[in-house]
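The values are calculated or read from the model by the stated rules, or taken from the named source; none is laboratory data. This structure is a prediction, so every number in the text was calculated from the model and none was measured. Positions of Cβ are generated from backbone atoms using ideal geometry, with glycine treated the same way; all protein chains shown enter the neighbour counts. Just so you know, the surface numbers come from the protein's heavy atoms only, side chains and all, with ligands and any DNA or RNA stripped out. Shrake-Rupley method; radii C 1.70, N 1.55, O 1.52, S 1.80 Å.
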Amino acid sequence: MAPSYETLRDENLDEEDFDYDEVDVSDLKEKYEVQLEQGYDTFVVIDGLPEVTEEQKPKLVKFLLKKLNTVGKTSEDAIFMPFGDHGKSLRFAFVEYSSPAEAAAAVRQLDYSPLDKKHTLRVNKMTDIDRYGREGRIDEEYTPPHIEPFQEKEHLRSFMADPTGRGRDQFVMYRGDTVGVFWNNEKDQPENIVDRPHWTETFVQWSPLGTYLTSVHQQGVQLWGGASWTRMRRFAHPFVNLVAFSPNENYLVTWSNRPISIPDEGHPQLSIDDDGKNYVIWDIETNKPIRSFAQQDTPAAGPDGEVKKPAKFPWPAFKWSADDKYVARLNQGTSISVYELPNMNLLDKTTIKLDGVVDFDWAPATVKRDGVKEYEQLFCFWTPEIGSNPARVGLMSIPSKQVVRSLNLFSVSDAKLHWQSEGAYLCVKVDRHSKSKKSQATTLEIFRVKEKGVPVEVVDTIKDTVINFAWEPKGDRFVTITTTEPVGATAVPPKTSVAFFCPEKAKGNAVGNFKHLRTLEKKNSNAIYWSPKGRFVVVATVHNTQSSDLDFYDLDFEGEKPESDKDLTANLQLMNTADHYGVTDVEWDPSGRYVATWASAWKHAMENGYHIYDFRGEQLREEPIEKFKQWAWRPRPPTLLSKEEQKQIRKNLREFSRVFEQEDAERISSADVAVVQERRRLLEDWYNWREVVEEEIAEERAELGLPADPIEELLKAKAAEVAPNGEEQVIEEIMEEVLEETEEIVN
Amino acid sequence: MRPVLLSGHERALTQVKYNREGDLLFSTAKDQHICAWFAHNGERLGTYQGHQGAIWTVDVDPTSTIIASGSADNTIRLWEVKTGKLLKTWDFPTAVKRVEFNEDGTKLLGVTEKRMGHLGTIVVLDIKVDPEAEQSDEKALTIVCEESKATVAGWSYLSKYIIAGHEDGSVSQYDGKTGDLIYNVNVHELGSPITDLQWNQDRTYFITASKDKTAKLITAKELEVLKTYVADTPLNSAAITPKKEYVILGGGQAAMDVTTTSARQGKFEARFYHKIFEEEIGRVRGHFGPLNTVAADPTGKGYASGGEDGYVRVHQFDKGYFDFNYEVERERLNRLAAQGGN
C-alpha cells in the first residue's frame, strides 16, 4: 500500500532530525541572489578627462555638460569630480542622469567620443564598474589576451565556380524536415551539394548576394556558407520570426513578435538594454548587436478620424538605402526615422516629421540625378489628404533631407510606390475615388528620377482596380493586372486583365512617353514575374484551385512587328503557356535562364513539388515531392565585368553559343548513350535470370516426375470429359469489324 | 483502348480475376454476390448467390470448373462455375480476405482476418476439382501469423512455398507442405500494409503492391526484390502482364482521405510501368474512385480493373500496346529474329 498523507507525516518525514545548517547552499545563494535595486542606475563614470585644478574645474564641467546633455539631462550639481591630495583632479568624474535610460544612452553614444584632440572619453555605467571592477574581480597581474592563430577561411563565393564549368546556378530546397542545396541540372536530377535534416526550424533564406544561407531556430538565426557549409555566424535572438538583410550583406535585422526577455543570468549576445525589444539590428561582420527597437503601436485612429484596422506588422519594418549607409523606419502617420550606419544614430538626431505619412521606400539603387553632384540616397513617401491639404507624394534626398520633388494629388484613397530596379523610375499607383466615393479609378504617376527636374508623367486612367504592378528590371516597361471587381473573399476569383506598357520610340537616348501596348482580357492571372535580366516575363495564376496557368511572354520578339506597334519600343509575343496544378510560388534563377515553380505544403497539401521551365516556357523537369515547402535560387553578386566587356560578349554571342551548344550536345548524347547501355544491361540481366530460373524449374519438375506443363494435362483430361470423342467444338466465334472511323478535332 | 464498363455491382469492388483462357472474368464486391462475365463483350454469365457479407476474394481453378470465394461472413465457399451451384462451405472464426488455388487446383489457401481474439491465419484445404465429389471438411494445414497478420497470400511454383504479404510491409515464405516459416523479409516501408500479391505465369516471381506507394517484383525462391516501381499514390493492386514486359498498378487516395479532391488529385488511374526498366510508360483513366483491384488477361490481350466506384472496366489492348518497344528491346528482338532465320 502506498503511504497516505497521514502516515507520510508521521513516518516518512522526521523534520526534527534534519539539520539545515549542514547543507551548503553558498553556490546556490551566489547564483540566485537577487540583484537589489541599488539606485545607481542613473550614474555613469567618465574616464579620460584632463587633469585640472580647482580653478579650472568649472570650465571643464561646463564644457563637459554640453556633451553630456546631448543624450540626456544632467546638471552641474550632478557631476562629481574627485580631487587628489595634490590639489588636482583625478581625471574622472561621476555623473548622474535623470533616468536610467539616459545613462544607458550616454554609455552607448558617448563612450569613445573625443572631448578634444588629446582626450577621448570613456563612459561606463556605475553599476558595471562596481560589478566588474570590484576588488578581487580583477586579476592584479596582467595576462595578455589569448589571440587565436590566424586560420584561413573558406572562400565565401566558391559557389560561383561550377565544378563542371557550365555556370549552373544553385538552389535550396526545404522538404519534409530536410534542407538541401543543389546544382540545377535542367532536365536531370539536381546534383546534391549538401543535405541536412532539421537544418532549420521554420524556413531558410539566402542573403541578398548569395553568400550566406540563413536558418531560423527558436534560439535565433544562423548563417551558413563556404564550400563545406560550416556555420559562419550566430545571432541569438530568441523566438525570432523574420530576418532581413541589408542589400550589401553588412547588417541583419531580426524580428520576433515576442519581446526579448533577458534572463537573470544574462544572455550571450544581448544585454539588459535589449530587454523588451522586438527588433535587433546586427553587424554581420562582428556578429554583434548594434541596436534594438521595440515594436511600435499602430495608431488607433486614422487621419480623418476613422479607426483603421491595425496593420498586421509592417515588414520589412527597417528599410535600407541601396548602399547600407542608412536604415529608416516609418512611424505610421507622423514621421520617418533615418538612422546612420554604422553607429545606428538618428540622422541629425531627429526624426523627419511628415504628417500623416503612410508609406515610404528607398530607391533600390544609388541614383545619379541630372545636375546633382553631391552624394545622396533617395526615398519616396506619400501622405494622405488631411483636412483641406491635398495628398502628397514626395521624393526626399538624404542626408540633406530636402524634398527634391513633390506632387499634390486629390481624391486619393490609396497609393502604392513601385521603384524600378535601377531607381530610374518611380511609379506611384494612385487609387482615386470619385466625389461620391462610389467609383474607383487608378492612375499611374511615373517620376522620371534621372531626368532634370524629375518630370512626372501620368500614364493612363484605369477604370478597374489594379491588383498587381511590376517594372521590367533594368528596363523601362511594365505590366499591370487589373480586375473589374474588388478582390474579396469570393469563392471564384474574378477574371483579370493583363496590360503591357512601354515607352514610345524617341530620338537619341531619351525615353519616350509611356504608352499602352496591349491588354489581354479574361485571364485568371494574378502575379507577375519578370526575368531578372528583363525582356521576358511570366504572368501566372498562383494560389488558385481552379486555374494555374503560367504565360511566358517575350517583349523583344524578333519576328514581325504589328503595324500598330511600330512607334513603340516593344514587340510582344506569347511564347508558351504552361500549367502547373496548384502552383503557389514562381521564381526566376538569377541568370534569367530558368524558372522554378512550386506548390508548397505551407499553402496546401495537393500535389506538392516543383517544376523547372526554361525562359521560353518549355518544361524541363517536374518532381512531385511530399511535404515540399520551399525553393530558393541562390542569388549571385553583381557581375565583375565592365560595361565594355559585357558589350563585347553580347557582340560575340554567336561564337560563345556555338561552343556551349556543342558542349551541351556532347553531354546529352553521352548521357543518352549511358541510359541506353544501362537499359541494355537490365534487359540482358533479366533474360539471363529468366533462363536460369526456367531451367531450374524444368529440372525440378522432371525430378518430381511431374508434367512440364501441369495445366495442359488437366485441360486435356477435362476436354476428354466434356467432348469424349475428342472433337473440338466451336461454340461462338467473335469477330470485330471496323465499319467506319472518323476523327473530329474539337477545339 | 475502348473499355467495357461492367456495372453489375452496387458497391466497391474487392477483386477481379480472369480464368486461364482469359474469356471469363470473375468479380467480387462488398455487395454479397460474385459475378461472372464474358470478358470480350461484358455480358454477364451469371452470379453466385449465398454469401451473407461483403465478399473479399475469389479464385478460379485452372480448368474453369469451380471457383472459391472468401467473405466477411467468415466462410470460404466453393461453387460450380457452369451452374452457380454452391458445392461446399467452410466456416472460420473471422472474415476471409484472400483465397488462391495452387497451380493444379488441388489445394486452396485462405487468409483469415485477425479479430476478436483470433490471430490471423493462413489455412490450406484439399480440393477435388469435381463438382460431384465430396469435399473434405478438414483443414490440411493452418499457419498462424503471430507477428503481423497476413493480408494476402499465394502459392509458388510446384506449390512449394506459400508466400504471404503482411500488414507491417514484410513478406514471408512458408513451406507449402509443412507450413514452416522459412523467411520473413521487410520489403516495403515498415508499417505500410501489403495490399496485393500476384504471380507471373509460372509462379516463380510475384509483384506486391503496398500503401507505401511502391510495388515490388520479388522472387519466390529467395524473396529477392528484383524491381521497384514508384508511384505517387498508395497502391491497392498490382498485376504482371503476360506477353509484354509490363506491370499494371492501381490505387489512389484512400476513399476516406478523399474529401474535396477532384478525380485529378485522387490519382484514380491504372498505371503501366515497364517491368524491366521500372519506368512509367502510360496511364489509363476512367474510374472516379480508387482502383481496388487490377487483373491482367492471362492471354495478354487485355486487363480489367475494379474500383471503389463500383465499376469494373475491361480493356482490350490495341495495336499500339503490342507495337511499343524500347529501342533496346527492338534490338534484341531483331537479333533473335536474325538468329532464328539462320
Original post:
Out of the stretch A:541-570, which residues are in contact (Cβ under 8 Å) with a residue 60 or more places away in the chain and of a type in the set (A, V, I, L, M, F, W, C)?
Top reply: A:L550, A:F552, A:L555, A:L568, A:A570
Subject >> Where a residue in the stretch B:132-148 is more than 24 Å from B:N184 (Cα to Cα) and its partner, wherever it lies, is part of a loop (DSSP other than H, G, I, E, B), with Cβ under 8 Å and at least six apart >> reply: B:E134/B:K128; B:Q135/B:I127; B:Q135/B:K128
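Taking the options A:D556, A:D551, A:D464, A:D476, name whichever one is charged (D, E, K, R) and farther than 22 Å from A:I446 by Cβ. Talk me through it step by step, then tell me what you get.
Working: A:D556 fails: farther than 22 Å from A:I446 by Cβ; A:D464 fails: farther than 22 Å from A:I446 by Cβ; A:D476 fails: farther than 22 Å from A:I446 by Cβ.
Exactly one residue qualifies, and that residue is A:D551.
Each row is one residue, and each column tells you yes or no for (1) surrounded by 10 or more Cβ atoms within 10 Å (Cβ to Cβ); (2) under 24 Å from A:N124 (Cα atoms); (3) at pLDDT below 85; (4) of a type outside the set (D, E).
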| site | (1), (2), (3), (4) |
| --- | --- |
| A:E11 | no, no, yes, no |
| A:D14 | no, no, yes, no |
| A:V23 | no, no, yes, yes |
| A:Y32 | yes, no, yes, yes |
| A:D47 | yes, yes, no, no |
| A:P50 | yes, yes, no, yes |
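Would you mind finding the one in A:E661, A:E607 that is over 27 Å from B:E280 (Cα atoms) and more than 24 Å from the chain's Cα centre (by Cα)? Spell out how you get there, then give the answer.
Values: A:E607 fails: over 27 Å from B:E280 (Cα atoms).
Result: A:E661 is the single residue among A:E661, A:E607 that is over 27 Å from B:E280 (Cα atoms) and more than 24 Å from the chain's Cα centre (by Cα).
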Original post:
Which residue pairs have Cβ atoms closer than 9 Å, lie 6 or more positions apart in sequence or on different chains, and pair a first residue in the stretch B:50-70 that is free of Cβ contacts under 8 Å to residues at least 24 places away in the same chain with a second residue that is in a loop (DSSP other than H, G, I, E, B) and open to solvent by 10 Å² or more (accessible area, probe 1.4 Å)?
Top reply: B:Q52/B:Q32; B:Q52/B:A72; B:Q52/B:D73
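Can you give me the number of residues within the stretch B:107-118 that are part of a loop (DSSP other than H, G, I, E, B), of a type outside the set (D, E) and closer than 23 Å to B:I182 by Cα? Break it down stepwise before answering.
So in the stretch B:107-118, the residues part of a loop (DSSP other than H, G, I, E, B) come out as B:113-114, B:116-117.
Narrowing further to those that are of a type outside the set (D, E): B:114, B:116-117.
Then drop every residue that is not closer than 23 Å to B:I182 by Cα, which leaves B:114.
The number of residues fulfilling the criteria is 1.
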**OP:** Within the stretch A:319-360, track down each residue that is basic (K, R), at pLDDT 85 or above, open to solvent by 50 Å² or more (accessible area, probe 1.4 Å) and over 24 Å from A:A424 (Cβ atoms).
**Re:** A:K353
Original post:
So which residues in the stretch A:611-628 are within 14 Å of another protein chain (Cβ to nearest Cβ) and outside any loop (DSSP other than H, G, I, E, B), if there are any at all?
Top reply: A:E622, A:E623, A:P624, A:F628
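Residues in the stretch B:273-280: is at least one closer than 24 Å to A:G582 by Cα and either modelled with pLDDT of 90 or more or within 14 Å of chain A (Cβ to nearest Cβ) (or both)? Quick ask: steps written out before the conclusion?
Within the stretch B:273-280, the first condition is being closer than 24 Å to A:G582 by Cα, and the residues that meet it are B:280.
Checking which are either modelled with pLDDT of 90 or more or within 14 Å of chain A (Cβ to nearest Cβ) (or both) leaves us with B:280.
Yes: the stretch B:273-280 contains one or more residues that are closer than 24 Å to A:G582 by Cα and either modelled with pLDDT of 90 or more or within 14 Å of chain A (Cβ to nearest Cβ) (or both).
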Original post:
Within the stretch A:682-696, which residues are at the interface with chain B (Cβ under 9 Å from one of its Cβ atoms) and out of contact with any helix residue (DSSP H, G or I) (no Cβ under 6 Å at 6 or more places or on another chain)?
Top reply: A:L682, A:E684, A:D685, A:W686, A:Y687, A:W689, A:R690, A:V693, A:E694, A:E696
Subject >> Residue within the stretch A:659-671 that is without any contact (Cβ under 8 Å) to a residue 12 or more places away in the chain, within 12 Å of chain B (Cβ to nearest Cβ) and among the polar types (S, T, N, Q) present >> reply: no
Original post:
Are any of the residues in the stretch B:119-126 touching a helix residue (DSSP H, G or I) at 6+ places or on another chain (Cβ under 9 Å) and in a loop (DSSP other than H, G, I, E, B)?
Top reply: no
Original post:
If you go through the stretch B:25-33 one residue at a time, do you hit one that is within 14 Å of another protein chain (Cβ to nearest Cβ), within 24 Å of B:T121 (Cα to Cα) and in contact (Cβ under 8 Å) with a residue 24 or more places away in the chain?
Top reply: no
Subject >> strands (runs of 3 or more DSSP E) (entirely within the stretch A:223-298) containing at least 2 residues that are under 19 Å from A:A104 (Cβ atoms) >> reply: A:279-283, A:288-293
Original post:
Give me the pairs: first residue in the stretch A:264-279 and within 22 Å of A:A244 (Cβ to Cβ), second residue part of a helix (DSSP H, G or I), beta-carbon distance under 7 Å, and six or more apart or on different chains, which are they?
Top reply: A:D273/A:A104
**OP:** Kindly indicate whether any position in the stretch A:671-685 is in a helix (DSSP H, G or I), exposed (fewer than 10 other Cβ atoms within 10 Å of the Cβ) and modelled with pLDDT under 90.
**Re:** no
Subject >> Lone unmet requirement of (1) at pLDDT 90 or above; (2) within 17 Å of A:D431 (Cα to Cα) for A:A363 >> reply: (2)
**OP:** Taking only the stretch B:180-223 into account, find how many residues are open to solvent by 60 Å² or more (accessible area, probe 1.4 Å), more than 17 Å from B:V247 (Cβ to Cβ) and within 14 Å of chain A (Cβ to nearest Cβ).
**Re:** 4
Original post:
Counting only residues that are open to solvent by 70 Å² or more (accessible area, probe 1.4 Å) and either within 11 Å of chain A (Cβ to nearest Cβ) or in a helix (DSSP H, G or I) (or both), how many does the stretch B:317-336 have?
Top reply: 9
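Just for strands (runs of 3 or more DSSP E) wholly inside the stretch A:520-603: which have at least 1 residues that are open to solvent by less than 50 Å² (accessible area, probe 1.4 Å) and within 14 Å of another protein chain (Cβ to nearest Cβ)? Show your work before the answer.
Details: elements: A:527-530, A:536-540, A:549-554, A:573-579, A:585-588, A:594-599.
It comes to A:594-599.
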Subject >> the stretch A:700-714: number of residues that are hydrophobic (A, V, I, L, M, F, W, C), within 10 Å of chain B (Cβ to nearest Cβ) and open to solvent by 50 Å² or more (accessible area, probe 1.4 Å) >> reply: 3
Original post:
Hey, any hits in the stretch A:581-599 for a residue that's more than 24 Å from the chain's Cα centre (by Cα) and not aliphatic (A, V, I, L, M)?
Top reply: yes
Original post:
For the stretch A:98-146, what are the residues that are among the hydrophobic types (A, V, I, L, M, F, W, C) and either closer than 19 Å to A:L64 by Cα or over 36 Å from the mean Cα position of the chain (by Cα) (or both)?
Top reply: A:A103, A:A104, A:A105, A:A106, A:V107, A:L110, A:L115, A:L121, A:V123, A:M126, A:I129, A:I138
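From the residues in the stretch B:232-252 that are open to solvent by 10 Å² or more (accessible area, probe 1.4 Å), touching a Phe, Trp or Tyr at 6+ places or on another chain (Cβ under 9 Å) and at negative phi, which one is nearest to the other protein chains (Cβ to nearest Cβ)? Reasoning before the result, please.
Our first condition is that a residue be open to solvent by 10 Å² or more (accessible area, probe 1.4 Å); within the stretch B:232-252, this holds for B:232, B:234, B:236, B:240, B:242-245.
From what's left, touching a Phe, Trp or Tyr at 6+ places or on another chain (Cβ under 9 Å): B:240, B:243-245.
From what's left, at negative phi: B:240, B:244-245.
Numbers: B:I240: 13, B:K244: 13, B:E245: 8 Å.
Once the filter is applied, the top-ranked residue is B:E245.
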Subject >> Per-region count, the stretch B:34-79, residues open to solvent by 20 Å² or more (accessible area, probe 1.4 Å), more than 14 Å from every other protein chain (Cβ to nearest Cβ) and touching a Leu at 6+ places or on another chain (Cβ under 8 Å) >> reply: 3
